[in-house]
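Enquirer: Have a look at the structure that comes next, please.
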Amino acid sequence: MAVNEEIFVYNRYGKAIERESICGDWLMRFAYGNRFGRLLQASIGSRIIFSRLASAVANRKFSAKYITPFAKRHGIAVEDCAEPIGNYGTFQDFFTRKLRFGARPLAASREAICAPVDGRYLHIGPLPQAGAIPVKGRRLLLGQLLGSETLAEKFTGGSAIVARLAPFDYHRIHFPCDCLPGQCMRLGRKLHGVHPQALRRVGALCANRRFLTRAAADCGEIAIVEVGATFVGSVRQTYVPGVYAKKGAEKGFFALGGSTVILLFERGTLAVDDDISHWSSRSIETYVKMGDTIGGRQSP
């Protein structure tokens, strides 16, 4: 990928390919597009303390003055927020905002698998025998992502749905289907960006701090992996392990920054939506809002 390469995404709702507006694009391209930037990112930017400092700033009251300009610049639909924009006391409060009831209706079909977040979706499947996942020019090892070769074998031949969030997206995470979730496991320590430059250079999806939750669903076992990124030092889990979760129920949220959610399905359990499948075959992500369908379940 050239340093000045633009990113294009298929917008399901506008039914058109659009150039993505990238928050902090210059910083990501500096950090991963040249040798000096990569050295600084590896030695300073990827450390947890760097993201904690950014989070501390976002939690200060003075940060609230940046909310309205940020929302206007990125076209955030503030009418979807659960609170009036002036009610958020800090930038972090706005970043982790909830939405008003009805802002993200769930797909009506009982068989539908719903988007867990607002984001740009890429389908990868069937997952190869070797467990390597091609994402934006980089081959990632499934065993490394999950922290277990045995678990990786379980999803061989299945599907991966990679949802990339931008800093201006709604950052609450929801369950894609009815399921019984287990305990959440924390993996990794670094916090590289999830900009395509970072994915190509360092394989951020496997290197970053991430959180793995396995869940039993009607269509078989699924794995939900939340990947932190630069400025995202934590993923807060709000669900209760061992308690049945309905489709669309809140699972947790990202605290500040860009991030990624990866869904893994066993072989023959997911029929992905046509538009996501079509554009994924061309390495183009599809923008989908939380609650909208990304596919349908099949019996394993």
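The values are calculated or read from the model by the stated rules, or taken from the named source; none is laboratory data. Bear in mind the structure is a predicted one, so any value in this text is a computation, not a measurement. Heads up, the Cβs are rebuilt from the backbone with ideal geometry, glycines too, and the neighbour counts pull from every protein chain shown.
Enquirer: Is one or more of the residues making up the range 49-72 out of contact with any Pro (no Cβ under 8 Å at 6 or more places or on another chain), over 16 Å from residue 93 (Cα atoms) and at pLDDT 90 or above?
Expert: Checked the range 49-72: at least one residue is out of contact with any Pro (no Cβ under 8 Å at 6 or more places or on another chain), over 16 Å from residue 93 (Cα atoms) and at pLDDT 90 or above.
Enquirer: With respect to residue 260, is the statement that it is closer than 27 Å to residue 12 by Cα, among the β-branched types (Val, Ile, Thr) and more than 17 Å from the chain's Cα centre (by Cα) true?
Expert: In short, no.
Enquirer: Still on this structure, I have one more. Among (1) part of a strand (DSSP E or B); (2) touching a Gly at 6+ places or on another chain (Cβ under 9 Å), which single condition is residue 283 missing?
Expert: Going through (1) part of a strand (DSSP E or B); (2) touching a Gly at 6+ places or on another chain (Cβ under 9 Å) one by one, residue 283 breaks only (1).
Enquirer: Report the residue count in the range 82-115 for those that are touching a Leu at 6+ places or on another chain (Cβ under 8 Å), under 27 Å from residue 161 (Cα atoms) and surrounded by fewer than 18 Cβ atoms within 10 Å (Cβ to Cβ).
Expert: Going through the range 82-115 one residue at a time, the tally reaches 0.
Enquirer: Further question: Please specify each residue of the range 254-275 satisfying the condition of being more than 27 Å from residue 152 (Cβ to Cβ) and at pLDDT 95 or above.
Expert: 274, 275
Enquirer: Only one of these is surrounded by fewer than 22 Cβ atoms within 10 Å (Cβ to Cβ), closer than 26 Å to residue 18 by Cα and at pLDDT 95 or above: 247, 289. Name it.
Expert: Details: 247 fails: closer than 26 Å to residue 18 by Cα.
Result: 289 is the single residue among 247, 289 that is surrounded by fewer than 22 Cβ atoms within 10 Å (Cβ to Cβ), closer than 26 Å to residue 18 by Cα and at pLDDT 95 or above.
Enquirer: Further question on the same structure: With the requirement that a residue be part of a loop (DSSP other than H, G, I, E, B) and in contact with a strand residue (DSSP E or B) (Cβ under 8 Å, 6 or more places away or on another chain), what does the range 251-280 give you? Steps first, answer last, please.
Expert: Initially, the range 251-280 is screened for residues part of a loop (DSSP other than H, G, I, E, B), giving 255-258, 266-269, 273.
Across the range 251-280, the qualifying residues are 255, 258, 266, 269, 273.
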